[in-house]
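This report concerns only the one structure given below.
The values are calculated or read from the model by the stated rules, or taken from the named source; none is laboratory data. If you're wondering where the values come from, they're calculated on a predicted model, not measured in any experiment. Counting neighbours? That spans all protein chains shown, and the Cβs are built from the backbone with ideal geometry, glycine included. For accessibility, only protein heavy atoms count, side chains too; no ligands or nucleic acids. Shrake-Rupley method; radii C 1.70, N 1.55, O 1.52, S 1.80 Å.
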Number of protein chains: 2
Amino acid sequence: MKPNPILFFLLVILSGTWCYSQSTPPAVLEDFKPSTLNQPGQEYPQVNSQGYARFKIMAPAADSVRVSLGLGGKGGTKLAKADDGSWMGTTAGPMDEGFHYYNIKIDGGKFNDPGALNFYGSVRWESGIEIPAHDQDFYALKDVPHGNVVQILFPSKSTSTSRRAFVYTPPGYDKNQKERYPVLYLQHGWGEDETAWSNQGHANLIMDNLIAEGKIKPFIIVMTYGMTNEIKWGQLKSFDITPFQTVLVDELIPYVDANFRTLANPVNRAMAGLSMGGMETKTITLNKPDVFAYYALLSGGTYAPTDIKDKSKVKLIFLSCGSKERPEGVKTATTALKDAGFNAVSYISEGTAHEFQTWRRSLYQLAPLLFKK
Amino acid sequence: MKPNPILFFLLVILSGTWCYSQSTPPAVLEDFKPSTLNQPGQEYPQVNSQGYARFKIMAPAADSVRVSLGLGGKGGTKLAKADDGSWMGTTAGPMDEGFHYYNIKIDGGKFNDPGALNFYGSVRWESGIEIPAHDQDFYALKDVPHGNVVQILFPSKSTSTSRRAFVYTPPGYDKNQKERYPVLYLQHGWGEDETAWSNQGHANLIMDNLIAEGKIKPFIIVMTYGMTNEIKWGQLKSFDITPFQTVLVDELIPYVDANFRTLANPVNRAMAGLSMGGMETKTITLNKPDVFAYYALLSGGTYAPTDIKDKSKVKLIFLSCGSKERPEGVKTATTALKDAGFNAVSYISEGTAHEFQTWRRSLYQLAPLLFKK
């Protein structure tokens, strides 16, 4: 019996430990600094060199304040009232490196931390915090030539509106008027939107840095909204790909090819997605084998050799996830694909779960493999 | 004695009634609908056809919940606890048309409304609500060709970093490779940033619609962060323009001229700003008379004829504000400029105060007057 790919996808992403490091906590070092994702001038939340996070919320008359981050399954971090009317607390242990969404429960209501910037996840703008990673250099803002992130509004007859997408154009795009570029269509996960890969993922900075180091040939990235039919988390099993597939393949791709200097053919077109975006990538690449030649699922399931009808049309299959998800599934699937003659590559992000640090690293690993053939 | 322009600017903006309509409230019609600026799927906040706003905040264990919007000087709108644990309330009267920032006080802490989108104002991401305006058509998202909003990261030696700006390029910019365009440098107000004119102001949609109707010749708009030296509201009197002037004139303008197809000369370059951005516009245009030929202050003070050394270099002075600010100041200054032989135009936004509806309308009035000579 062929396994149901969507059920498998759900198993993969639900089996992760999500975001919390489970090692025994060491003594807490008092070298806390404001998170790099704080709103301008805000001192809290803070993070220390071990990856602990500390929160401070002003709410003098509140009865209880709790942060959703902390030990998984134990309700997060409970804050205690300080003398100045604020509520403070530190996570019980170090967090995984990278980006985490969170929110604050105050007297039974869910709010954002006024100190932190907001990021769209879980179908709402959530607070975000950054635990400095040992490898943060690859997505740092550096003194290198920078590409642009272009907001486009493209006409969509199937949804009777103008839809938004963001297009990363590499440094030099506006000057090298004779050059045409391959394109990666890059999808966010459930509850996120077209802002995620730039805001949380730093996709543009990852590309700028890879290009500056000469590690990749420049290409374009297109990011749009993949939850066209407003799927709820519990309804993923009955997800209908048709509305989004129409927007992507029949509306967005022709618009991008008409308005940007693309190489408009399958061997210069890739599709990748994280989590639910991986599910979408798998379904659409299999439905439309003449549109994309490069496929990548980031914490978003796997392909089996039998999924693919014409092997010659697939130039690369890239499968990744965090070591705290189900790496065996990714490795086993990659081996099976290789044995069947596919150019398959797997990547496991060490020490991370179903979160953006896994996907930042995955993009960094994927980019040099694209558009090689 | 020459009046101090900064004191005058403070007087102008502090004398407005800000956002609240003072007419006698009529009976409240029960035709409330979700605000167009709500987060996806959120039912509250709502607005009715008269301009009343209704709020609903879930916080079952809170002692008090208050919304900052409402009667000026009376502490906003106090919400009352409903049976389901939520807090609800309606403004005591209709609000002015257009966009308003707000926040929620819960048990002494300041938070955002989880139902509303956030907009950067008052040096924090604030909740936003939209009261439908009778003239909202000019900034509506329509089925017309759309320009792009391009996020650039430009090198800034004076501040030792890459700085962000947004560049509006008109429809057809990428296709009409032989065409070069004039540029408007457009500044936000105090406590806002480079996202304000697109997010709150809909500057891109105003331009798309004006171009589609053939009312203006396409031009580029550049929006960057004007609070380079992190001025506090109470310190505006001692504001030093030098750091921002250096970023704008010596770093951003050369970058834009090198990377976009601009007409790089004063008669094809305008500067405009709202509120504090008007103060910056006035100071920089007077300091750098060979850089810009078109000047516009939106609720941001006025020019006197004696401010300007060489009349021949100034193609237009545009002064505007809301009718609830100090329109006499704008009108008197415009008359004086005209009498002195300047091409000066004033615009008063009817029924609005020191808020974004005034500035959306001002841009709509200003755009057709630019780059005519």
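Can you tell me the orientation of helix B:276-287 relative to chain B, as the angle in degrees between its alpha-carbon axis and the longest Cα principal axis, to the nearest 10? Once rounded, one gets 10 degrees. Sorted on the mean count of surrounding Cβ atoms within 10 Å across their residues, most packed first, peptides B:307-314, B:28-35 read B:28-35, B:307-314. Residue-wise HN-Hα couplings along the range A:109-124, as the Karplus relation 6.51 cos²θ - 1.76 cosθ + 1.60 with θ = phi - 60° gives them from phi, are x, 9, 10, 9, 6, x, x, 9, 5, 10, 9, 7, x, 6, 6, 7 Hz; Gly and Pro carry x.
Across every direction, the projection of the convex hull enclosing the Cα atoms of the range B:269-322 has a mean area of 3.2 nm². Its residues counted as N, the range A:280-352 yields a C-alpha radius of gyration over 2.2 N^0.38 Å of 1.05. Applying the Karplus relation 6.51 cos²θ - 1.76 cosθ + 1.60 with θ = phi - 60° to the range A:326-343 yields 3J(HN,Hα) values of 10, x, 4, x, 5, 5, 4, 5, 5, 4, 4, 5, 4, 4, 8, x, 7, 7 Hz, where x marks Gly and Pro. Please work out, to two decimal places, the log10 of the ratio I(q)/I(0) at q = 0.08, 0.10, 0.13 Å⁻¹ from a Debye calculation in which every Cα of chain A carries one identical scatterer. These q points yield log10 I(q)/I(0) values of -0.41, -0.64, -1.06. Only Cα pairs under 8 Å and 6+ residues apart enter the sum, and on that basis the relative contact order of the range A:210-284 stands at 23 percent. Along its principal axes, the protein assembly as shown has C-alpha extents of 86, 64, 51 angstrom, given from the largest down. For the protein assembly as shown, the solvent-accessible area of protein heavy atoms averages 39 Å² per residue (probe radius 1.4 Å; ligands and nucleic acids excluded). Distances between placed amide hydrogens fall under 5 Å for B:L184 paired with B:I220, B:I221, B:V222, B:A270, all partners being 5 or more residues away or on another chain.
Interface area, chains B and A: about 3400 Å² of buried accessible surface, summed, with a 1.4 Å probe and ligands, DNA and RNA left out. Shown for the range B:144-172: residues covered by the partner protein chains by 30 Å² or more of accessible area relative to the chain by itself (probe radius 1.4 Å), namely B:H146, B:N148, B:V149, B:V150, B:Q151, B:L153, B:S162. Normalised by the number of residues in chain A, the average gap of Cα pairs under 8 Å and 6 or more apart makes the relative contact order 15 percent. If you wrap the tightest convex hull around every Cα atom of the range B:148-284 and split its volume per residue, you get 106 Å³. In the range B:107-140, burial by the other protein chains removes 50 Å² or more of 1.4 Å probe accessible surface, compared with the chain on its own, from B:D107, B:F111, B:P114, B:W125. Within the protein assembly as shown, antiparallel bridges make up roughly 65 percent of the DSSP beta bridges whose residues both belong there. Just checking the listed ones, A:A344, A:A80, A:A270: in the Gaussian network model of chain A with Cα springs under 10 Å, the one fluctuating most is A:A80. Amide H contacts of B:S275: B:L298, B:S299, B:G300, each under 5 Å away and 5 or more positions distant or on a separate chain (H built 1.01 Å from N in the peptide plane; Pro and chain starts excluded).
Compared with the dominant principal axis of the Cα atoms in chain B, helix B:203-212 is inclined by about 70°. With an a/c value of 1.5 or above and a/b not larger than b/c for the gyration tensor axes a ≥ b ≥ c computed over the alpha-carbon atoms, the range B:134-225 is described as oblate. With the convex hull drawn over the C-alpha atoms of the range B:73-139, the volume per residue is 135 Å³.
Carbon and sulfur: what percent of the range B:67-214's accessible surface (1.4 Å probe)? It is 51 percent, rounded to a whole number. Expressed as a whole percent, the accessible area of the range A:305-358 that falls on carbon and sulfur atoms is 49 (1.4 Å probe). Calculated mean residue ellipticity at 222 nm for chain A: -5500 deg cm²/dmol, from DSSP H runs with n ≥ 4 weighted as -39500 (n - 2.57), summed, divided by the residue count and rounded to 500.
Give me the Debye-computed log₁₀ of I(q)/I(0) at q = 0.17, 0.22, 0.24, 0.27 Å⁻¹ for the range A:238-291, equal point scatterers on Cα only, no solvent, two decimals. Cα-only, vacuum Debye calculation for the range A:238-291: -0.55, -0.89, -1.02, -1.20. In order along the range A:83-88, phi translates into HN-Hα couplings of 5, 8, x, 8, 10, 10 Hz, rounded to whole numbers, per the Karplus curve 6.51 cos²θ - 1.76 cosθ + 1.60 with θ = phi - 60° and x for Gly and Pro. For the listed residue pairs B:K142/B:K215; A:K217/A:K372; A:K288/A:K313; B:K237/B:K288; B:K56/B:K110, the alpha carbons are over 18 angstrom apart in B:K237/B:K288. At q = 0.19, 0.22 Å⁻¹, what log₁₀ I(q)/I(0) does a Debye calculation on the Cα points of the range B:242-373 give, no solvent, two decimals? Debye output, listed in q order: -1.07, -1.35. Sequence-distant contacts, meaning Cα pairs under 8 Å at least 6 residues apart, place the relative contact order of the range B:261-304 at 47 percent.
Rolling a 1.4 Å probe over the protein chains gives A:I206 an accessible area of about 0 Å². In degrees, nearest 10, range 0 to 90: what is the angle between the Cα axis of helix B:356-366 and the longest Cα principal axis of chain B? That helix lies at roughly 30 degrees to the long axis.
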